[in-house]
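Scroll down for the structure; my scribbles are underneath it.
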Amino acid sequence: MNALDRFKILFRRVKNGSIKKMKYFADEIHEETGKSSLGIMADMCWCAAKYGIGYQEYRGYGFVDKSSALRKTFMTVNHNIALTREANDRELYPVLEDKGLFLKRYHDFVSRDWLDTRECSKQDFIEFAGKHDTFFVKPINLSGGNGISKVTTSRIDPDKYYDLLTKDNGQYIIEEAIKQHPVMNRLNPNSVNTLRMVTLLKDGQPKYLYTILRAGQGNAVVDNAGSGGVYTFVDKDGVCRFPLYDEKKGLTMDKHPTTQMEIVGFKIPMFQEAVDYVMKAALVEPRLGYIGWDVAITEDGPTLVEGNLIPGFDMAQNLNWHPEGEGILPLMEEAWGGPLPR
């Protein structure tokens, strides 16, 4: 990525940012550290220019107390975008941006019934509704859990509902509800609690990088952080050793806020099977080499929910699960075989 591209990204972040919210985070850090809010805000601006991180990342990564040497170990949005461009063929971006195209391309890794109303008939949908008590409807290209609805079949008229889907609200993808593994269900039964598993394909060899466990809270049917979900880092043995984090509230918690289940020590069932699963999925399309997979664990094993073109690298660098203070840049560069593009 050239200097002009990096400047454009920085400009967009500044333009979309909020001085009020920056001050809010600076005041929070001031309360915790005693350091000047004004000085913290100045350092936030410096870090945005120097490292390409925003004030929310500054807060989440604990940059206020980090040395320059540690700050340099953090992967930034510039790294992430440049790696996406380097590892993924732009012509295939739609495969990960359009949920219908994704379900087609990775159909062998999607163990559930689904329809795309851009292609299916009303009769197809009526037959689908006759087979499933509940299902989800989704837009083709929104992220963060936005636009997703859970539907109880007994409460709709399939004939009229099909017309609604195809004419009015843009929810073109219809998916059978995933029945998650009982252990994952104990964490939170109201949402499918997924794993964000990231792989990198280098010289034709898939490499597993890291996993984030995500869970919905309250009555939410999605687990995305942007929709109020909580998350934590998962060690390579599938065990959670750090607390949950609520990004919207900036809070850490030892127990799930809805079920009060203890998270430290929680072991993901069939975790190694899930790692092997995404490693195989990574080989399906060699021209898409850097993917964040959303994986659900069922009683029968892992299944893909969707793939993400720009994985949530920021979630993996939260200060709460890196006691030594390092970011994931060394991990990424080891997998890449050298310095990441930026």
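The values are calculated or read from the model by the stated rules, or taken from the named source; none is laboratory data. Since this is a predicted model, take the numbers as computed values, not measurements. Cβ coordinates were reconstructed from backbone atoms using ideal geometry, including for glycine residues, and neighbour counts include every protein chain displayed. Note: areas computed on protein heavy atoms with side chains; ligands, DNA, RNA excluded. Shrake-Rupley method; radii C 1.70, N 1.55, O 1.52, S 1.80 Å.
Worth a mention:
- Scanning region 164-191 for residues that are under 21 Å from K122 (Cβ atoms) and surrounded by fewer than 17 Cβ atoms within 10 Å (Cβ to Cβ) yields a total of 6.
- Only residues that are touching an Asp or Glu at 6+ places or on another chain (Cβ under 9 Å), farther than 15 Å from N185 by Cα and open to solvent by less than 50 Å² (accessible area, probe 1.4 Å) were counted in region 243-264, giving 4.
- Wholly within region 34-107, helices (runs of 4 or more DSSP H) carrying at least 3 residues that are open to solvent by 50 Å² or more (accessible area, probe 1.4 Å) and not polar (S, T, N, Q): 37-50, 99-105
- Which numbered condition L115 misses (of (1) open to solvent by 20 Å² or more (accessible area, probe 1.4 Å); (2) modelled with pLDDT of 95 or more; (3) in a helix (DSSP H, G or I)): (3)
Table: residues versus (1) closer than 25 Å to P330 by Cβ; (2) at pLDDT 90 or above; (3) in contact with a Cys (Cβ under 7 Å, 6 or more places away or on another chain).
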site	(1), (2), (3)
G34	no, yes, no
L38	no, yes, no
D43	yes, yes, no
K50	yes, no, no
G54	yes, no, no
E57	yes, no, no
G62	yes, yes, no
F74	yes, yes, no
V77	yes, no, no
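- Criterion (of a type outside the set (V, I, T), in a loop (DSSP other than H, G, I, E, B) and open to solvent by 10 Å² or more (accessible area, probe 1.4 Å)) met by exactly one of L340, L331: L340
- Test for K236: is it over 20 Å from T298 (Cα atoms), of a type in the set (K, R) and open to solvent by 30 Å² or more (accessible area, probe 1.4 Å): no
- Members of region 128-142 found to be exposed (fewer than 15 other Cβ atoms within 10 Å of the Cβ) and either in a helix (DSSP H, G or I) or touching a helix residue (DSSP H, G or I) at 6+ places or on another chain (Cβ under 8 Å) (or both), listed by number: G130, K131, D133, T134
- G218 being modelled with pLDDT under 95 and either open to solvent by less than 10 Å² (accessible area, probe 1.4 Å) or assigned to a loop (DSSP other than H, G, I, E, B) (or both): yes
- For the residues T152, T194, T199, the requirement of being loosely packed, with under 13 Cβ neighbours inside 10 Å and touching a strand residue (DSSP E or B) at 6+ places or on another chain (Cβ under 8 Å) singles out T152.
- Candidate set: region 305-328, residues that are open to solvent by 60 Å² or more (accessible area, probe 1.4 Å) and farther than 30 Å from E176 by Cβ; chosen: the one modelled with the lowest pLDDT: P323
- Among residues of region 143-163 being in a loop (DSSP other than H, G, I, E, B) and under 19 Å from D116 (Cβ atoms), the one that is modelled with the highest pLDDT is I156.
- Residue match in region 256-278 (condition: of a type in the set (S, T, N, Q), without any contact (Cβ under 8 Å) to a residue 24 or more places away in the chain and farther than 25 Å from E91 by Cα): yes
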